[in-house]
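The structure appears below as structure tokens.
The values are calculated or read from the model by the stated rules, or taken from the named source; none is laboratory data. None of the values given here were measured: they were computed from a predicted structure. Note that each Cβ is placed from the backbone with ideal geometry, even for glycine, and that neighbours are counted across all protein chains shown. Accessible surface is based on the protein model in full, side chains and every heavy atom, while ligands, DNA and RNA are left aside. Shrake-Rupley method; radii C 1.70, N 1.55, O 1.52, S 1.80 Å.
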Number of protein chains: 2
Amino acid sequence: MLSTMQDEQLSLATLLRYAATFQGDSTVSTWTGDGVRTITYRELGALGAQLAHALRGLGIGVGDRVGTFMWNNNEHMCVYAAVPAMGAVLHALNIRLFPEQLVYVANHAEDRVVVVDGSLVPMFNQYLPALRTVRDVIVVNGDPATVQAPEGVTVHAWGELLGGQPTEYDFPILDERSAAGMCYTSGTTGDPKGVVYSHRSNWLHAMQVISPNGMGFTAADHVLAIVPLFHANAWGLPYAAMMSGADVLMPDRFLQPGPLLQMMAAQRPTFAAAVPTIWGGVLAQLDAAPQDIAHLRTVVVGGSALPPAMMHAFQEKYGVRLLHAWGMTETSPLGSVSHPPTGVPVEEEWEYRYSQGLFPASVRARLVGDDGAVLPNDGKAVGELEVRGPWITGSYYSPDGKEVDPDKFDDGWLRTGDVGKITPNGYLTLVDRTKDVIKSGGEWISSVDLENAILGHPAVAEASVIGIPDAKWDERPLVAVVLKEGVTAEPAELREFLADKFAKWQLPEYWTFIDEVPKTSVGKFDKKRLRARYADGDLEVVKL
Amino acid sequence: MLSTMQDEQLSLATLLRYAATFQGDSTVSTWTGDGVRTITYRELGALGAQLAHALRGLGIGVGDRVGTFMWNNNEHMCVYAAVPAMGAVLHALNIRLFPEQLVYVANHAEDRVVVVDGSLVPMFNQYLPALRTVRDVIVVNGDPATVQAPEGVTVHAWGELLGGQPTEYDFPILDERSAAGMCYTSGTTGDPKGVVYSHRSNWLHAMQVISPNGMGFTAADHVLAIVPLFHANAWGLPYAAMMSGADVLMPDRFLQPGPLLQMMAAQRPTFAAAVPTIWGGVLAQLDAAPQDIAHLRTVVVGGSALPPAMMHAFQEKYGVRLLHAWGMTETSPLGSVSHPPTGVPVEEEWEYRYSQGLFPASVRARLVGDDGAVLPNDGKAVGELEVRGPWITGSYYSPDGKEVDPDKFDDGWLRTGDVGKITPNGYLTLVDRTKDVIKSGGEWISSVDLENAILGHPAVAEASVIGIPDAKWDERPLVAVVLKEGVTAEPAELREFLADKFAKWQLPEYWTFIDEVPKTSVGKFDKKRLRARYADGDLEVVKL
């Protein structure tokens, strides 16, 4: 039996029309260093129509990819709004990718047009000759003459290209499963992999972002979008803002703690979103020069684990609630959010807030063990997190139809590569990445938990734990310790220090002392190199 | 270009699993007159599985209709949760329908099973012999022997039927456009018309209900569902509660103001939903015996226009915010909600709160004039409200495929039959029903506005305005006035009283005095009968 409901397609064209009319008084503002440039959503609708006409004039049609190479600003928001609305596909290029990756993703996605901020033209000039499918470059707030365009590439000024275009556009309503936008994962191994969001996935995700069990911002909020619009689908902020009628504040290139705090003092946002690194910098700056930031009622933090100490510092010193969230490019990205359950005592509330949080109804989550069996959500069993849902990717983009990395999918579920546990009331705590967790006798030992615990020993400066092959247990943990200058410690003493924090079978018997933990270009522990050193016999290992 | 997103179907089976696990500690409680019967969502999941097994045992499969004839209680919630989850179709019968309508809708929907509250068996016995497709009756909290079952109908006790069934069920995931539930409109003319909700529509609608720009309740809320579960898709409350993890309080048959207030004092709900009539009664009772009801942070009111005086009384005397909402059976039902815009002055805030409110992005709304042209949202132009969206019906249920009332649909839009205006910032104010509005010289005059204004005259007890044919203007208003006892007034004086409140062309020249305004069984003005009296020459009309 079929329903009588209208077969209305969820559409970012509908969303743009809605924002431009029923939420027309709301605004997007961009910080200029000492003030803001502001447009209303009504003006956003008109600008979006002009951009659509302009792109159409450049030959862009349904399904064509339009790239951006931009900071967070009004024009970037306009591209977010208008490109999917006209049926084209937004591809926000991550300006921080390694050069070869940047070139790879733009060519792989076959970007036809790229919109570039004037201030980023010098960087973009390094890549442009290698971008095989780009035919047009549109420069925002800058001089088109600064673009070193190869033959066959035309450069336009945003203002001239849009000016004079009609301020209305007959945005098409497509099948809701049509592509709306793309993002590439920036994995440390192999080529970046593309994820293609749909109108449907972005719509549903936006509904979840504004839900009280998501980020929960409303038309009354003034949302500071620090997370780059080129990062993991912009955390859904542009579409959620348009759907809710929230005002948006864009920091443009002013991302250092000082300028960010200056902007906050002037604009008093009520909600903000950024990765932990940004908030670490802001906190240090605040501690040096205190400032009232209690206008921020909520700050959502994701991208990597949020240190509890940072949550406490913001809450207790500055009255700002940091809300921990988990997600990834493949999940649009909003997965779980750490709203604590109602009515728990304050101490327990913190435990929930430290966790990666609770999933919404639209994101199904389960833990899977090493043998492929689904594990119970008992708060103890540790397994790989698998998710599914209408805004979770089911594959990676493949222009030639050949499956990309099919091992990342398990019978319709996305294998996240994150290892954790889930409590009976649904709260996720991540303990490791699958590639780092130690598989010992059918059980999993978290390398991260061991590292954090060992760091508590007064003699230890750094510690990195990897799994090494073991005939009996498959794998056992090897702890690589960097001692503080001028102190010594014996493996037996360090192991004893861990004894009351772990089950006996989890306690490491293999230890080594190193001068420094090898790190990646972004400062993360490079366990691949540590494993290679072990395999090469380059580490002096003590067995207890 | 297609997206890489998973083709996950929005499914009430997924919702039930989610509620029973990740929101397993939340509760549904039913008032018993002096306490509550409570089950957790975890228990709801187990009960739902048992019900699904039991119904399957009775031969119920995908697409079969299961009726309810029940008050709001735990078992009704269980039917709401489990019947769509197993792929069958829930049809909550409105126990207050006229007998011939009740029989009509149950036969038209071809209900195979009906679940009946023990306390409603005597009423249900009157209908049962006429229900042609019912084969099984399940009695909740009552004696099956009290059901007077015709031959071919088997009666079961809920507890016995479910007891012993497995507490897990392999709920299927269907195409999201599959039928999940049905409701019939109870129009005053013609047969009731069926609306069939889908898994998709109920899911999206639930996301909107819990959105801050919808009803906005959360896991922290304790939601009192006074609106009957058989009324307009239960306003989406069961599914929204399961999605959000809110606790639900069900009043069962205790719907009089006294018992409702007794229940509120004991249970202290934070959120409630009901039609204005209920709140009128509660207010009168409160005024007679004041009681703290400030535990209610929000009360959503819809179904008919909410009198401003009632909003003020609740707010100013009892600190309770009444939130006005508009919708209908055909719209699942949540359309617009009167959250005022941010930052407007308090006086203006009230004007917004009186209105029918703002639409969410998922419900497109427009006004259409008498000539079919779309009107501007300028706060002045008055037209019929048309809506479309993923939870708006696109047709009426037709078992034989023959279109039912196709005039109610306009090129993919639902014609609501409501007449109103929309401000530039998207707020709807309804002024009349299409069948009552007076179409005069291409412009529309609101009969309701005229009635309300004339009621302000000290001599007037009641007034009803209808359109009468006019050679020059098509229609002109005729005012039928009931004077207060012992006073007189002349038409010219009454017209003069209106002169500063309406444009000159809107002022009525036709007047008549009557003893009483004819009313329907539920106390609404019966303009059909008034029009018939006019047509029969039964009214003495004065023309000014």
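Given B:107, B:72, which one is among the polar types (S, T, N, Q) and crowded, with 24+ Cβ neighbours inside 10 Å?
Working: B:107 fails: crowded, with 24+ Cβ neighbours inside 10 Å.
Only one candidate passes the filter, namely B:72.
For (1) assigned to a helix (DSSP H, G or I); (2) open to solvent by 10 Å² or more (accessible area, probe 1.4 Å); (3) of a type outside the set (A, V, I, L, M), each residue gets a yes or a no:
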| site | (1), (2), (3) |
| --- | --- |
| A:261 | yes, no, no |
| A:264 | yes, no, no |
| A:278 | yes, yes, no |
| A:292 | no, yes, yes |
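Just wondering, is there one or more residues in the range A:189-196 that are in contact with a Cys (Cβ under 7 Å, 6 or more places away or on another chain) and β-branched (Val, Ile, Thr)? Taking every residue of the range A:189-196 in turn, at least one turns out to be in contact with a Cys (Cβ under 7 Å, 6 or more places away or on another chain) and β-branched (Val, Ile, Thr).
Take the residues of the range B:135-150 that are under 16 Å from residue B:59 (Cα atoms) and in contact with a helix residue (DSSP H, G or I) (Cβ under 8 Å, 6 or more places away or on another chain): which is surrounded by the most Cβ atoms within 10 Å (Cβ to Cβ)? First the steps, then the outcome.
Initially, the range B:135-150 is screened for residues under 16 Å from residue B:59 (Cα atoms), giving B:135-138.
Narrowing the set further to residues that are in contact with a helix residue (DSSP H, G or I) (Cβ under 8 Å, 6 or more places away or on another chain) leaves B:137-138.
Details: B:137: 22, B:138: 27.
So the residue we want is B:138.
Mind telling me which of the residues A:423, A:434, A:429 ends up being out of contact with any Lys or Arg (no Cβ under 6 Å at 6 or more places or on another chain) and either within 21 Å of residue A:468 (Cβ to Cβ) or away from chain B (no Cβ under 14 Å) (or both)?
Working: A:423 fails: either within 21 Å of residue A:468 (Cβ to Cβ) or away from chain B (no Cβ under 14 Å) (or both); A:429 fails: out of contact with any Lys or Arg (no Cβ under 6 Å at 6 or more places or on another chain).
Checking each option against the conditions leaves just A:434.
Applying the condition of being within 14 Å of chain A (Cβ to nearest Cβ) and assigned to a loop (DSSP other than H, G, I, E, B) to the range B:18-48 and asking which residue is nearest to residue B:71 (Cα to Cα) yields B:26. Inside the range A:214-270, residues that are within 16 Å of the chain's Cα centre (by Cα), at the interface with another protein chain (Cβ under 10 Å from one of its Cβ atoms) and not small (Gly, Ala, Ser) make up a count of 1.
Within the range A:452-479, how many residues are open to solvent by less than 20 Å² (accessible area, probe 1.4 Å) and either within 16 Å of residue A:515 (Cα to Cα) or touching a helix residue (DSSP H, G or I) at 6+ places or on another chain (Cβ under 9 Å) (or both)?
In the first step, residues of the range A:452-479 are kept if they are open to solvent by less than 20 Å² (accessible area, probe 1.4 Å); the result is A:453-454, A:457, A:459-460, A:463-468, A:476-479.
Add one more test, that the residue is either within 16 Å of residue A:515 (Cα to Cα) or touching a helix residue (DSSP H, G or I) at 6+ places or on another chain (Cβ under 9 Å) (or both), and what stays is A:453-454, A:457, A:459-460, A:463-468, A:477-479.
Final tally of qualifying residues: 14.
Would you check which residues across the range B:249-259 are outside any loop (DSSP other than H, G, I, E, B), within 22 Å of residue B:44 (Cα to Cα) and open to solvent by 10 Å² or more (accessible area, probe 1.4 Å) and list them? The one that is outside any loop (DSSP other than H, G, I, E, B), within 22 Å of residue B:44 (Cα to Cα) and open to solvent by 10 Å² or more (accessible area, probe 1.4 Å): B:252.
Picking from residues in the range A:174-191 that are open to solvent by 10 Å² or more (accessible area, probe 1.4 Å) and either within 18 Å of the chain's Cα centre (by Cα) or away from chain B (no Cβ under 11 Å) (or both), the one that is nearest to residue A:91 (Cα to Cα) is A:184.
Quick check: is even one residue across the range A:523-535 assigned to a loop (DSSP other than H, G, I, E, B) and of a type outside the set (Gly, Ala, Ser)? The answer is yes, given that some residue of the range A:523-535 is assigned to a loop (DSSP other than H, G, I, E, B) and of a type outside the set (Gly, Ala, Ser).
Those residues that are part of a helix (DSSP H, G or I) and β-branched (Val, Ile, Thr), I need them from the range A:49-97; list them, please. Can you show your working first?
The initial filter retains those residues of the range A:49-97 that are part of a helix (DSSP H, G or I), namely A:49-57, A:74-85.
Residues satisfying the conditions are A:79, A:83.
Residue B:66 - would you say it is surrounded by 24 or more Cβ atoms within 10 Å (Cβ to Cβ), more than 8 Å from every other protein chain (Cβ to nearest Cβ), within 29 Å of the chain's Cα centre (by Cα) and within 30 Å of residue A:344 (Cβ to Cβ)?
Values: surrounded by 24 or more Cβ atoms within 10 Å (Cβ to Cβ): yes; more than 8 Å from every other protein chain (Cβ to nearest Cβ): yes; within 29 Å of the chain's Cα centre (by Cα): yes; within 30 Å of residue A:344 (Cβ to Cβ): no.
No, not satisfied.
Here residue A:513 meets each of (1) open to solvent by less than 40 Å² (accessible area, probe 1.4 Å); (2) free of Cβ contacts under 8 Å to residues at least 40 places away in the same chain with one exception, condition (1). Using the structure shown, decide if residue B:536 is open to solvent by 40 Å² or more (accessible area, probe 1.4 Å) and either small (Gly, Ala, Ser) or at pLDDT 90 or above (or both). The answer is yes for residue B:536.
For the range B:358-378, give me each residue that is within 11 Å of chain A (Cβ to nearest Cβ) and either open to solvent by less than 30 Å² (accessible area, probe 1.4 Å) or among the hydrophobic types (A, V, I, L, M, F, W, C) (or both).
So the first thing to find is which residues in the range B:358-378 are within 11 Å of chain A (Cβ to nearest Cβ), and the list is B:358-366, B:376-377.
Matches in the range B:358-378: B:358, B:359, B:360, B:361, B:362, B:363, B:365.
The residues on offer are A:139, A:153, and the sole one that is of a type in the set (Val, Ile, Thr) and either within 12 Å of chain B (Cβ to nearest Cβ) or within 27 Å of residue A:31 (Cβ to Cβ) (or both) is A:139.
Taking every residue in the range B:385-409 that is more than 9 Å from chain A (Cβ to nearest Cβ) and pairing it with any residue that is of a type in the set (Val, Ile, Thr), at least 6 positions away or on another chain, the pairs with Cβ-Cβ distances below 6 Å are B:385/B:416; B:386/B:368; B:387/B:363.
Residue-wise test of (1) at pLDDT 95 or above; (2) open to solvent by less than 10 Å² (accessible area, probe 1.4 Å); (3) at negative phi.
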position: B:152; (1), (2), (3): yes, no, no
position: B:165; (1), (2), (3): yes, no, yes
position: B:172; (1), (2), (3): yes, no, yes
position: B:205; (1), (2), (3): yes, yes, yes
position: B:210; (1), (2), (3): yes, yes, yes
